[in-house]
Amino acid sequence: MAFITHIAGPYLNSYAAEMAWREITRRMSNGMLYLAMTNAALSHPEADLFNEAVRIRERLAEIRNDVSALDRVLGTLGYTGDLDTECHAKSAM
């Protein structure tokens, strides 16, 4: 029994690549397949974007800690003003 399948032109390359991958990896264990797919996913450019987001989140936490430390120091020195209000007022001039 023969199956006739039509694969649209834009998807033909992806289909061929998947069939080639299946042929190459058909004798690999499930564990090795898992490691190969995980490695491919982590080396993909979108993984780099995720890593960049983690670095940005960590940097924002550092900046928040620095701002809190500055607020404590200014409070210890007796400063009671609002820096945000003063900065916005100066930039509006």
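Annotations for the structure displayed:
- Only residues that are assigned to a helix (DSSP H, G or I), at pLDDT 85 or above and surrounded by 10 or more Cβ atoms within 10 Å (Cβ to Cβ) were counted in region 74-93, giving 2.
- Counted residues, region 1-22 - those being among the hydroxyl-bearing types (Ser, Thr, Tyr) and either touching an Asp or Glu at 6+ places or on another chain (Cβ under 8 Å) or modelled with pLDDT under 75 (or both): 1
- Long-range neighbours under 6 Å by Cβ, at least six apart or interchain, first residue charged (D, E, K, R) within region 2-15, second at pLDDT 75 or above: none
- Test: residue in region 49-67 that is without any contact (Cβ under 8 Å) to a residue 24 or more places away in the chain and in a loop (DSSP other than H, G, I, E, B): no
The values are calculated or read from the model by the stated rules, or taken from the named source; none is laboratory data. None of the values given here were measured: they were computed from a predicted structure. When we count neighbours, we look across all protein chains shown, and the Cβ atoms used for this are built from the backbone with ideal geometry, even at glycine.
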